Amino acid sequence: MKVLIFGGTGAMGTPLVEFLANSGNNVFITSRKARQSSGNIHYITGNAHDFEFVKKLVCEQRFDAIVDFMVYTTKEFKQRADMLLKATDHYLFLSSSRVYADSDSPITENSPRLLDVSKDSEYLQTDEYALAKARQENILFTSTNKNWTIIRPYITYNIERLQLATLEKDIWLRRALEGHKILLPQDVAVHKTTMTYGDDVARAISLLIGNEKAKAEAVHLTSTEPMTWKTVLKIYTDVIETKFGVSPEIWMPETSDVIADAIGNKYQIRYDRMFDRVFDNSKMLELCGKDFAFLSMEIGLRKCLEKFLVSPRWIDVDSTWVARLDRAEKCTHTLKDFETPQQKMKYIGWRYCPTGMTVLKKVVHKLK
């Protein structure tokens, strides 16, 4: 098969490319950075958010399947959905199990979505991730073309991506290794999450590609092994203590306001991390095989963190976030921790004069 992957360089895309290539498929991956093609793996340099780039790509050649990992605005997706459906025999759209509302029972593909049941008018006016994905699902649901499959993974992890509540490892883990406290609010710590190994999600996607029974269906690709965020934290701290001989300090404020104020992700916290996320994946097993097995969440998290700590590679985060978290924790970073003058200035401003920075931000916004 000839398979095109948009955004195929992340926790799910990277192993998916390997699975497909090893099965003899010709795999084409778009990437904003130039990458070296090899064998039946072909990298195409370009920005998949650029409509004209995508249009040229899919009009010049036809693909047996397209797997779309991109994060679009609803306006973006509406512009290209019909074109993508007509460009392939099977279009697989990455949605998310964040689309679901809170549930007292294991979530199935027919469980209520936030978009359909939320009474929060302020929230519904946004195109926040969970709402955007649900609106984009609706575009596919109402399409006359039925050659699509909606895939709904939940939180995926691998060596490069290890989350704690809403914080990526490049925030919580890096702070811990720098001698700061690990932040996990109590109102999130008690809730259950279901984290799934990226390779397992990729393997499931590879089994769905070209599967006629999967067309015009929504399928969430998750394990059924939940644990509380407090338990996830214990796994992480055990690994850190074993590696370095010292257990990091923990900071557990009563509410998630500290994170929401620092990162600006109040809806992700309120309408996801403060829900218990437990899944029924029987539909996936029907399509991918009853013997499909997931890596144990505890074993997988330990294994990935242990491997990462052997040779840490960090992704830069906004120095504004660092400053706000430092201010809340009443600690500081040195300016040597930031590479550019702009990052240094943002840190100084938000750490020591947040009121002035807020006013400055409003002025700059008005001038634009």
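Oblate is the label for segment 206-276, because the ratio a/c of its alpha-carbon gyration tensor axes (a ≥ b ≥ c) is 1.5 or higher and a/b is not greater than b/c. Volume per residue for segment 236-316 equals 175 cubic angstrom (convex hull of Cα atoms). Estimated at 0.36 nm per residue, the fully extended path between E76 and L124 surpasses their Cα-Cα distance by 15.5 nm.
Rolling a 1.4 angstrom probe over the protein heavy atoms with all chains in place gives segment 226-368 an accessible area of 58 Å² per residue. To the nearest 0.05, how large is the calculated FRET efficiency for S296 and R270 if R₀ is 35 Å and r is the Cβ-Cβ distance? Efficiency at R0 = 35 Å is approximately 0.75. Extension gain for D261 to E339 (0.36 nm times residue separation, less C-alpha to C-alpha distance): 25.7 nm. In sequence order, segment 91-98 has phi-based couplings of 10, 10, 9, 7, 9, 7, 6, 6 Hz under the Karplus curve 6.51 cos²θ - 1.76 cosθ + 1.60, θ = phi - 60°, and Gly or Pro positions carry x. Approximating the spin labels as points 7 Å out from Cα along Cα→Cβ, the K307-to-A101 distance works out to 4.0 nm. Average accessible surface for segment 1-137: 46 Å² per residue, computed with a 1.4 Å probe over protein heavy atoms with every protein chain in place.
Rounded to the nearest Hz, the phi-derived 3J(HN,Hα) couplings of segment 49-66 under the Karplus curve 6.51 cos²θ - 1.76 cosθ + 1.60 (θ = phi - 60°) are 7, 7, 4, 5, 4, 5, 4, 4, 5, 7, 7, 7, 8, 9, 10, 5, 8, 10, where x marks glycine and proline. Listed cross-link partners K234/K266; K133/K192; K213/K266; K33/K55; K75/K192; K230/K266 are compared with a 27 Å cut-off, the Cα-Cα value being larger for K213/K266; K75/K192. Working value for the chain: equivalent-ellipsoid semi-axes of 34, 24, 22 Å, each the square root of 5 times a Cα gyration tensor eigenvalue, largest first. Rounded to the nearest 20 debye, the dipole magnitude of segment 33-73 is 120 debye, with +1 charges on Lys and Arg beta carbons, -1 on Asp and Glu beta carbons, and the Cα centre as origin. So which GluC sites (Glu not before Pro) in segment 239-298 pass both tests, a DSSP loop state and at most 14 other Cβ atoms within 10 Å of the Cβ? Taking segment 239-298 and a limit of 14 other Cβ atoms within 10 Å, the loop GluC sites (Glu not before Pro) found are E249, E254.
The lysines whose alpha-carbon is closer than 16 Å to the alpha-carbon of K215, local same-chain residues fewer than 8 away aside, are K86, K146, K283. Between F53 and E249, the modelled labels are 4.4 nm apart [label points 7 Å from Cα along Cα→Cβ]. Per-residue Karplus couplings for segment 324-340, computed as 6.51 cos²θ - 1.76 cosθ + 1.60 with θ equal to phi - 60°, are listed in order as 5, 5, 4, 4, 5, 7, 6, 9, 9, 10, 8, 5, 5, 6, 10, 7, 9 Hz, Gly and Pro entered as x. If R0 is taken as 45 Å, the Cβ-Cβ distance between K213 and D316 corresponds to a FRET efficiency of 0.55. Using the Cβ-Cβ distance between T142 and N26 with R0 = 35 Å, the FRET efficiency computed as 1/(1 + (r/R0)^6) comes to roughly 0.65.
Within the straight-line cut-off of under 17 Å between alpha carbons, the aspartates and glutamates reachable from K344 are D316, D318, D326, sequence neighbours fewer than 8 places apart in one chain being disregarded. Pull up the cross-link candidates among the aspartates and glutamates for K56, meaning alpha carbon to alpha carbon under 13 Å and not fewer than 8 places away within one chain. Qualifying aspartates and glutamates at Cα under 13 Å: none. Separation of segment 45-86 from segment 218-255 is 37 Å, based on Cα centroids. The alpha-carbon positions of segment 1-143 define a convex hull whose volume is 129 Å³ per residue. About the Cα centre of the chain, what is the dipole size in debye to 20, counting +1 per Lys and Arg Cβ and -1 per Asp and Glu Cβ, all else neutral? Magnitude of the dipole: close to 1020 debye.
Rounded to the nearest 20 debye, the dipole size of segment 170-311 about its Cα centre is 140 debye, using +1 on the Cβ of Lys and Arg and -1 on the Cβ of Asp and Glu. Proximity of backbone amide H atoms, modeled 1.01 Å from N, is registered between T228 and T193 at under 5 Å, excluding neighbours fewer than 5 places apart on the same chain. Expressed as a whole percent, the accessible area of the chain that falls on carbon and sulfur atoms is 52 (1.4 Å probe). Calculated mean residue ellipticity at 222 nm for the chain: -12500 deg cm²/dmol, from DSSP H runs with n ≥ 4 weighted as -39500 (n - 2.57), summed, divided by the residue count and rounded to 500. A quarter of the convex hull surface defined by the alpha-carbon atoms of segment 210-348 gives 12.3 nm² as the mean projection. Distant-in-sequence amide contacts of I29, defined by a placed amide H-H separation under 5 Å and a gap of 5 or more residues or a different chain, comprise I5, H42, Y43, I44.
The values are calculated or read from the model by the stated rules, or taken from the named source; none is laboratory data. Since this is a predicted model, take the numbers as computed values, not measurements. Methodologically, a virtual Cβ is constructed for each residue, glycine included, from the backbone with ideal geometry; neighbour enumeration extends over all protein chains shown. We work out accessible area using only protein heavy atoms, side chains counted, and drop any ligands, DNA or RNA first. Shrake-Rupley method; radii C 1.70, N 1.55, O 1.52, S 1.80 Å.
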